[in-house]
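Input: a single structure, listed below in structure tokens.
The values are calculated or read from the model by the stated rules, or taken from the named source; none is laboratory data. Because the structure is a prediction, the values reported are computed rather than measured. Glycine also receives a Cβ, built like all others from the backbone with ideal geometry; neighbour counts cover every protein chain displayed. We work out accessible area using only protein heavy atoms, side chains counted, and drop any ligands, DNA or RNA first. Shrake-Rupley method; radii C 1.70, N 1.55, O 1.52, S 1.80 Å.
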Amino acid sequence: MNKRILLIEDNDNNRYLFSYLLNSRGWEVLHAADGVSGLRLAGESDPALILLDIQLPVMDGHEVARRIKSNPALAAIPIMAVTSYAMQGDRDAAIAAGCQGYMEKPIDPDTFVDEVEALLPLAQRWQASL
Ligand code: MN
């Protein structure tokens, strides 16, 4: 099965950390550092899941999520928002934009991959564990 995750995140340290954690559990990670590049890669790479920062250059994460969910070819891809926003209502805004999950930075390295994988459809999780 496809063990590919698309990570759209403009912070180098976070890209390194998230990739390291996901790679160590067998995930291939593709990177984009801005919203427009991320949207393009989503269309080209058929990821199992998208990890999406909200504060991004060129196009913010909310707009990226809206465009993915309004594209029938991409709408089924689960999106996890990963954001350092700490204000009330951010979760709601991410969900309203089309994200199925929401995680706050700083992430917990001990639970990060489990939280990401929990967003995958059940059948895909089972296959990924084989
Ligand atoms: Mn950012």
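One table, with the values for the structure above:
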{"quantity": "Condition broken by GLY61, with the remaining ones in (1) on the phi > 0 side of the Ramachandran plot; (2) within 13 Å of the chain's Cα centre (by Cα) satisfied", "calculated": "(1)"}
{"quantity": "Segments classed as helices (runs of 4 or more DSSP H), wholly inside segment 1-119, with at least 1 members that are of a type in the set (S, T, N, Q)", "calculated": "12-23, 35-45"}
{"quantity": "Residue in segment 116-129 that is buried (at least 16 other Cβ atoms within 10 Å of the Cβ) and within 14 Å of the ligand (Cβ to nearest atom) present", "calculated": "no"}
{"quantity": "Pair list, Cβ < 8 Å and 6+ apart or interchain, from segment 42-63 residues that are farther than 15 Å from LYS3 by Cα to residues that are aromatic (Phe, Trp, Tyr) and surrounded by fewer than 22 Cβ atoms within 10 Å (Cβ to Cβ)", "calculated": "ILE54/TYR85; GLN55/TYR85"}
{"quantity": "Any hit, segment 98-110, residues being more than 19 Å from SER19 (Cα to Cα), within 16 Å of the ligand (Cβ to nearest atom) and open to solvent by less than 60 Å² (accessible area, probe 1.4 Å)", "calculated": "yes"}
